[in-house]
1. If you take the beta carbon distance between A:ASP90 and B:GLU126 as r and set R0 to 60 Å, what does 1/(1 + (r/R0)^6) give as a FRET efficiency, to the nearest 0.05?
2. Debye sum, Cα scatterers, region B:160-267, no solvent: what log₁₀ I/I(0) at q = 0.13, 0.23 1/Å?
3. Using the alpha carbon gyration tensor of region B:8-144, what are the three equivalent-ellipsoid semi-axes (square root of 5 times each eigenvalue), largest first, in whole Å?
4. All other residues with a Cβ under 9 Å from the Cβ of A:TYR362 taken together, and with Lys, Arg as +1 and Asp, Glu as -1, what is their net charge?
5. Placing unit charges on C-beta atoms (Lys and Arg positive, Asp and Glu negative, everything else neutral), compute the dipole magnitude of region B:160-267 about its Cα centre in debye, rounded to 20.
6. Residue by residue through region B:145-159, which ³J(HN,Hα) values in whole Hz follow from phi under the Karplus form 6.51 cos²θ - 1.76 cosθ + 1.60 (θ = phi - 60°), with glycine and proline marked x?
7. Rounded to the nearest 10 degrees, what's the angle between the helix B:316-338 long axis and the longest principal axis of chain B, both from Cα atoms, 0 to 90?
8. Check each of the GluC sites (Glu not before Pro) in region A:282-312 and keep only those in coil by DSSP with at most 10 other C-beta atoms within 10 angstrom; list them in order.
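We did not get these values from a lab; they are worked out from the coordinates using the rules stated. Only a predicted model underlies this, so the values are computations on that prediction, with no experimental measurement involved. Ideal geometry is used to build each Cβ from the backbone, glycine not excepted, and the neighbour counts take in all protein chains shown.
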Amino acid sequence: MAVSPVVTELSRPATELRAAASPLRSLASGQASSNGTPKPVGALRKNMGGNPPSLDLAEQMNEDEKRKWVKGKKLGEGTYAVVFLGHLRDDPSTLVAIKKMKKVSKDYEEGMSHDAIREVKHLQELQHDNIIALRSVFSSKDQNLNLVLEFLPLGDLEILIKGDQQRKIPGVRYGAADIKAWMGMLTRAVWFCHENFVLHRDIKPNNLLIAANGELKLADFGLARGFADPYQYMTANVITRWYRPPELLFGAKHYSGAVDIWSVGTIFAEIVLRNAYLPGGTELEQVKLICEAIGTPTEDNWPGVTKLRDYAVPSTNPVRGKAYYERTFEILGPEGADLLMRTLTLNPNRRITAKEMLQHSYWLAQPQPTRKEDLPRKAGGEETMGADLKRRPGVVEEDRGSRIARKLDFGAG
Amino acid sequence: MATEDARYRSSSQYRVWSYSPARLQELRASTNALAKQQIAPHLPADPAPDFVTAEEELRLVQWATVELLRAGEFLGIPTEIRATAAIFFRRFYVTNSVMTYAPTELLKTSLFFACKAENHHMSLGELSSKLQGTTAEQILAGEFLLCQGMRFCFDVHHPFRALEGAILELRRQAPHEEERIRQAHVRTREILKFSPLMTDVYFHYTPSQIMMAALQMVDAGFVDMLIPGSGSGDDTATAAYTQMRDRIMGAIANCRTMLEEEPPSRLTEFWITPMKPLRRKLQKCRDPARLDLVAYQRSKREEALNKEKKDANIADDDVFGGGGSARDTKRRKVDAVEDPFGPAL
């Protein structure tokens, strides 16, 4: 066994050290930076009068960032995060949601969670009207991570579709033009992610938040990752079940933006039906629903599919044709039905891409999409944003047991 | 979204982590001055403490970067993730002093965190057991500090993919030059694995400029092939092109000058021995309060915990905790089953 090359510390010199951690260190005050770019701290001013202890440059910059925001009332609290309303100190009309991540001790054995790292990593890079904006990140004294996100007070798409059962609020009424507007915003968000080589991997209605101006925003990047290099394995255990594409249900280790497109397709159908399109209770059932509603993946319609690790199907149904989509999703018109069908193509290599979606004739057909300010909306979603953000980012429930069970089940049949 | 340039300008690497050389120097000088100011009261006054200078700090960071790269290789961490770790590490020491936080500790934390940020499975236990005399606690102790020092920017753009693109393009343009292209590929990659990480080029240049500069060191003719001159013609479009090309070539030349200060041969050739005096000097001026990072972090945590208790604001974990964490443990297990050997190298 080779020995690690990491150098060990030189033996510590036996100099006598003055009393360690002293409470009264000299203080250097930070300077506010205007645009998030670090400003060198030129003057190391001494501050008399026993103020905060002196800070490293890194800490000063963090303080500067923190000081830009004012934390207001609590919007919600969950196991993994507390969400506060907040605003810009210099401009109280700029509202934000401050999401303070908790360190759940059990999870913290490996340090900062993957979900938090992914969320921060990707939101730092993605600036787009239809992606939730991360305005700032800073740490609080207790070494917790605080994400300053734009405030999106009008709930999420799930509430628009189904209403809020808990608070007994019915869903809103909407029509073909509204659907087109929401789908357009969602498609642009997904296109932007893919254009920047990011897979979201958890697109679902309650991750689509609504801004005060009606704009739809893709949120929760806790399961996102960059496109893998061609040789690299990725986990198939992503995307909430109802929105999960067949290739992931079959355990594919290499996949592309097509996984997100499938989710977009299932949401498209859900908005029309006002009900989840493929609400499988287990992975087993999920595959069954796909086979019934869309068609059974076979070597004919998807060369190579039977080689996927967890491939197993309950029955062989033909793939639905355009007529079926036009009938079932009549409100979308023939162009809309065509687009939906292409997003729900079983073979991921033939599934439409986000860019192709944007070039589809659906957007040009009548009716024109509703302007975002005119979209139907719900009032008072503060608590909802609290609820949406306090969830653990990117948790996909369930375990592999069901997948093995399916194999056994279908294998027998 | 417009051009690739516009896209790069929206990246954190450009927005937060690009500086002019003068500005970078200024930041490092501030970091050094602040550290001295803080540490001085804790060291014997007579003789006056002999602090390392900002220039010496930089040399120590470079030296530790070599150690980081070697450790990363030893651990089987892929090239690109080693590079990410090195950049995390170097960013950290722009606003933190080596006198405050030991680079020999932070380099391990950087490797660990880079693996997490790049989806490379490497558990804390695995890492600490492979790194002699390092506990998991030590690696974790620096994590939060590292993140803060990186200003919570976890995405690094490297020149490696740019190189792959350039090679594809060269193969297309010069199919008869396969052997020359192959050699340029290998040798450019060798440079990219080392020189940019040892110098400040990531702070000043884009990934494609860094790639072009490295390729130019190996085979300047290929750079001319990829960025051809405008030929003859004196219309305005040609003039604009020529002007743009001159600017690009100027940036590449400057970047190249920096890279040439740290050629890959330095990795094996030079570092270790002449560093000893400087490392000894560092030992004598380190912040005594933060010599033991684990103890330091523990006391910070207790401080925070006490404060929290005072706030009497503890209940929710108990209310929601059970279900959530059980589910999560399950999820982690699932992930472990998915990739028992981690990704291919």
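1. Efficiency for this residue pair is about 0.80.
2. Evaluating at q = 0.13, 0.23 Å⁻¹ gives log10 I(q)/I(0) of -0.49, -1.22.
3. In descending order the semi-axes read 27, 21, 12 Å.
4. Summing Lys and Arg as +1 and Asp and Glu as -1 gives -1.
5. In debye, rounded to 20, region B:160-267 gives about 320.
6. Listing the rounded values in order: 4, 4, 4, 5, x, 7, 6, 6, 10, 10, 10, 10, 8, 9, x Hz.
7. Approximately 50 degrees, to the nearest 10.
8. Sites meeting the loop and neighbour criteria: A:GLU299.
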